[in-house]
């Protein structure tokens with residue numbers, strides 16, 4: 001009886017399954033793929049479905065949420081004055097070029113003719129002036145800082161404008177000009193509370209036609225875009241929080257691209273199999289062993305140097321990242337960046353580490369103490385990294401135990417209130433910074449300057465070195481490229497010697513996609529494929 | 001009688017107040033701050049003034065007891081506040097999620113209860129035989145299996161390999177189905193998560209029904225019924241099951257209360273847009289208003305389910321009715 005019932009249940013389940021399978025039609029996501037339609041202006045795909053991990057609000061400059069992919073998506077909707085090319089060199093985008101005086105104070109630009117907002121209103125120099133002033137007046141963590149050196153924007157005529165700076169900004173064309181989106185004055189002029197604005201009228205290659213909060217966005221190509229029609233007609237973005245679900249959806253073809261990077265151990269399943277493929281490249285995000293420079297015994301540079309000597313970073317890249325990463329430079333700067341100093345190199349030497357510890361008197365005082373190495377519990381790669389580092393450090397006589405915590409708790413210990421001047425409560429922690437903290441020289445100063453309240457806003461280990469302070473200050477006002485490089489080189493030498501933290505590796509970007517739907521991705525060095533250049537050619 | 005219900009109401013009111021206090025203070029006692037959610041990605045570059053401005057805009061600079069009084073006042077007006085993460089009213093978000101959770105956990109509860117009761121009774125009836133031992137081992141095996149693991153296996157097999165079922169979500173995105181097509185689409189998406197959740201929850205009711213049926217089978221009136229020569233099926237379904245059901249009802253009502261809280265793990269594996277997942281994200285990101293509201297709703301539902309169980313029990317069990325009357 002019971003057996004029969006069991007089989008009956010099974011049979012019923014199968015019938016249910018069969019009844020529910022779509023037999024007659026497969027849902028087509030985009031507008032009809034009419035074979036008669038002629039491809040126009042290099043249109044390569046009708047419709048692309050992309051998974052993003054979370055809702056990004058109404059996706060305007062004040063409501064987008066994440067640095068990645070939020071900022072990248074934002075820049076599909078909005079334009080910037082300049083645009084970073086594949087190698088992160090700023091190139092004119094909305095403008096035809098630029099002229100600058102010798103002091104780097106007065107910058108002249110002319111807009112391309114015929115640029116319009118998504119609602120058809122022309123984009124003029126007034127919008128540029130308005131945008132920079134708006135960001136100055138309405139605080140936003142990313143834009144307000146970036147425009148702080150802009151003294152005045154003078155509108156010469158509809159297309160020409162001049163930006164006057166209060167002091168020279170070393171990478172002005174990169175940030176703010178290639179980073180800060182331009183917003184339409186006619187929509188934003190009366191907006192006093194931008195955080196709750198739901199409008200997303202931009203001038204970019206895509207406009208948002210539908211947003212179902214927490215579920216989907218529908219992006220339609222801006223057919224009037226001043227640089228030509230974008231390569232994909234419609235982008236459907238689907239919010240899938242779970243990583244496994246995301247890549248299963250990609251495997252079965254429910255989505256064509258995932259914004260999140262693939263885990264190294266899954267590469268084999270997706271690469272070159274036919275239906276799916278991957279595109280990889282260097283990443284400018286960093287994975288670090290963060291050290292609390294304030295706490296004994298880590299306030300001793302000898303101890304920090306010993307820690308760095310004890311860690312086998314090549315092994316980390318091979319074992320944890322399966323080779324999909326670049327070994328960290330002790331000067332923090334990624335080897336693919338122009339300001340990287342090739343003279344600094346990570347040294348793995350456990351014997352020297354032990355000798356340094358001996359010299360610092362570490363073993364006598366701290367040989368029996370156990371130190372905690374914190375890491376985020378939701379990131380298996382970081383947990384594995386922490387375990388291997390603990391082994392490395394235990395081998396030279398530093399007792400370390402790994403503690404996995406949820407991100408908010410970890411943040412609270414390492415970076416309470418996200419304010420470095422509020423102190424910290426940890427020994428060691430696995431940490432990481434996003435790509436902008438690698439590329440932007442201004443943020444570099446933030447990582448190392450000892451004036452925590454005003455300059456060292458990212459200096460979460462409270463590293464203090466007067467030589468570095470001086471160099472960082474000089475860097476923030478130096479516009480001469482040669483002098484800039486000198487400072488960068490010196491900076492990296494001092495950092496390698498004094499070890500504010502250990503740069504472990506820079507994980508590669510690994511992006512899985514379905515080449516049948518769309519394959520013309522442009523890998524922007526260090527930053528991945530989700531950018532304007534994947535859909536619009538550089539002019 | 002009136003005093004009895006008055007006391008009950010007072011009890012439930014007190015429980016509700018205590019949970020409100022706990023719901024409010026727990027998130028604030030957790031380490032971590034919602035500042036990152038409120039200020040955006042570059043939170044480290046905020047100046048002290050900007051930081052304070054952000055906190056005061058959301059009333060987070062006030063002393064905690066003042067925040068609580070403000071919260072109670074808003075709650076009194078039916079205002080659940082704004083989500084930090086989504087910048088939308090919490091009530092809207094919950095209304096969007098609630099039907100999906102009710103659909104999944106509700107139907108799983110009904111299904112697993114029916115299966116649990118039927119198989120539990122039958123197993124007790126066939127005590128010690130293969131069908132009893134077999135079904136008990138099967139359900140205990142399923143019960144001890146991690147639900148995410150079972151879910152992932154089912155997705156991998158029926159979703160990714162055989163492609164019989166969709167692998168994520170509750171509806172096909174951008175398909176814009178209406179009418180029957182929409183219903184079929186939802187059922188199609190529901191199948192795997194429902195199967196997973198049903199399979200891992202059968203054991204609870206199965207074991208209780210099996211145990212209480214065994215007890216009832218030993219009662220003397222069953223011996224009497226057998227002696228009268230009643231057919232076995234009649235004995236089981238008319239005389240045994242009605243009595244053996246009683247503890248089952250309690251368990252069912254308790255589970256009913258938790259239906260709204262959804263099931264975080266299964267909602268995660270299947271990317272199901274339910275409340276469980278919402279709660280989990282709110283905890284991870286310290287989205288206080290969403291935390292408070294969802295926890296409160298779960299509490300209220302559990303209290304209501306208890307209340308209803310109190311009401312129903314005398315109807316199902318005449319003995320309680322008689323005692324209540326004394």
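Taking R0 as 41 Å, what's the FRET efficiency between residue A:322 and residue B:184 from their Cβ-Cβ distance, rounded to 0.05?
Working: r = 42 Å, r/R0 = 1.03.
Computed FRET efficiency for residue A:322 and residue B:184: 0.45.
Once fully extended, how much extra length lies between residue B:57 and residue B:211, figured as 0.36 nm per residue of separation less the alpha-carbon to alpha-carbon distance?
49.7 nm
Sort out for me the Cα centre separation of region B:195-223 from region B:224-279, rounded to whole Å.
9 Å
With labels modelled as points extended 7 Å from the Cα through the Cβ direction, what inter-label distance (nm, one decimal) is found for residue A:473 paired with residue B:145?
With each label point 7 Å from Cα toward Cβ, the separation is 6.7 nm.
Compute the whole-percent fraction of alpha carbon pairs in region B:34-153 spaced more than 24 Å apart.
Values: 4204 of 7140 pairs.
Above the 24 Å cut-off, region B:34-153 has 59 percent of its Cα pairs.
Full extension from residue A:108 to residue A:494: what is 0.36 nm times the residue separation minus their Cα-Cα distance, to one decimal in nm?
135.2 nm
Counting only other chains, and only Cβ atoms inside 10 Å, what mean value do you get across the residues of A:213-219? Before the final figure, lay out the partial values.
On the way: counts 7, 10, 6, 4, 0, 2, 0.
Per residue, the average neighbour count from other chains is 4.
Can you pull the Kirkwood radius for region B:1-79, inverse mean 1/r over Cα pairs, to one decimal in Å?
15.3 Å
Grab the Cα-Cα distance for residue A:394 and residue A:519, subtract it from 0.36 nm times how many residues apart they are, and report the gain in nm with one decimal.
Working: separation 125, 0.36 × 125 = 45.00 nm, distance 4.69 nm.
Gain on extension, residue A:394 to residue A:519, equals 40.3 nm.
Grab the eigenvalues of the alpha-carbon gyration tensor for region B:204-326, scale each by 5, take roots, and send me the semi-axes largest first in whole angstrom.
Values: eigenvalues 336, 68, 14 Å².
Calculated on Cα positions only, the semi-axes equal 41, 18, 8 Å.
Given a cut-off of 47 Å, what percent of all Cα-Cα pairs of the protein assembly as shown lie beyond it?
In whole percent, the long-distance tail amounts to 33.
I'd like the orientation of helix B:90-101 relative to chain B: the angle between its Cα long axis and the longest Cα principal axis, in ° from 0 to 90, rounded to 10.
On a 0 to 90 degree scale, this one is about 30.
Determine, from the Cβ-Cβ distance of residue B:310 and residue A:223 and an R0 of 56 Å, the FRET efficiency 1/(1 + (r/R0)^6), rounded to the nearest 0.05.
0.30
Identify which of B:182, B:293, B:191 has the largest mean-square fluctuation in a Gaussian network model of chain B, with springs joining Cα atoms closer than 10 Å.
Checking each option, the largest mean-square fluctuation is seen for B:182.
Relative contact order (percent) for chain B, with alpha-carbon contacts under 8 angstrom and 6 or more residues of separation?
It comes to 25 percent, rounded to a whole number.
Average partner chain C-beta neighbours within 10 Å, per residue of A:412-421?
What the average comes to for A:412-421 is 4.
Using the basic label-point model (7 angstrom from Cα toward the beta carbon), what is the residue A:315 to residue A:368 distance in nanometres?
Calculated label separation equals 2.8 nm.
Given a Förster radius of 30 Å and the C-beta distance between residue B:49 and residue A:154 as r, what FRET efficiency does 1/(1 + (r/R0)^6) yield to the nearest 0.05?
0.55
Per residue of A:238-248, count partner chain C-beta atoms within 10 Å of its C-beta, then hand back the mean as an integer.
Per-residue shielding by partner chains comes out at 6.
Using the alpha carbons of chain B, what is the convex hull volume per residue in cubic angstrom, as a whole number?
Given the Cα convex hull of chain B, per-residue volume reads 196 Å³.
Using the 2.2 N^0.38 Å rule of thumb for compact globular proteins, work out how region A:97-252 stacks up: its C-alpha Rg over that value, please.
Region A:97-252 yields a ratio of 1.22.
Who wins for biggest fluctuation among B:222, B:140, B:236 in a Gaussian network model of chain B, springs between alpha carbons below 10 Å?
So, out of B:222, B:140, B:236, the one fluctuating most is B:222.
D for region A:40-139, whole µm²/s, Stokes-Einstein with Kirkwood Rh over alpha-carbon pairs at 25 °C and 0.890 mPa s: what number?
Once the numbers are plugged in, D ends up at 150 µm²/s.
Which residue fluctuates most in the GNM of chain B (Cα springs below 10 Å): B:98, B:162, B:312?
B:162
Under a plain spin-label model, where a point goes 7 Å from the Cα along Cα-to-Cβ, how far apart in nm are residue A:99 and residue B:92?
Taking the simple label geometry, residue A:99 and residue B:92 are separated by 4.9 nm.
Return, ordered by residue number, the residues of region A:494-528 whose backbone nitrogen is under 13 Å from a label point located 7 Å along Cα→Cβ of residue A:379.
A:504-508
Every read-out reported here was derived from the displayed coordinates using simple, explicitly stated rules and does not represent laboratory data. Remember, predicted model here, so these are calculated numbers, not experimental data. Don't worry about glycine lacking a Cβ; one is built from the backbone with ideal geometry, like all the others, and counts go over all protein chains shown.
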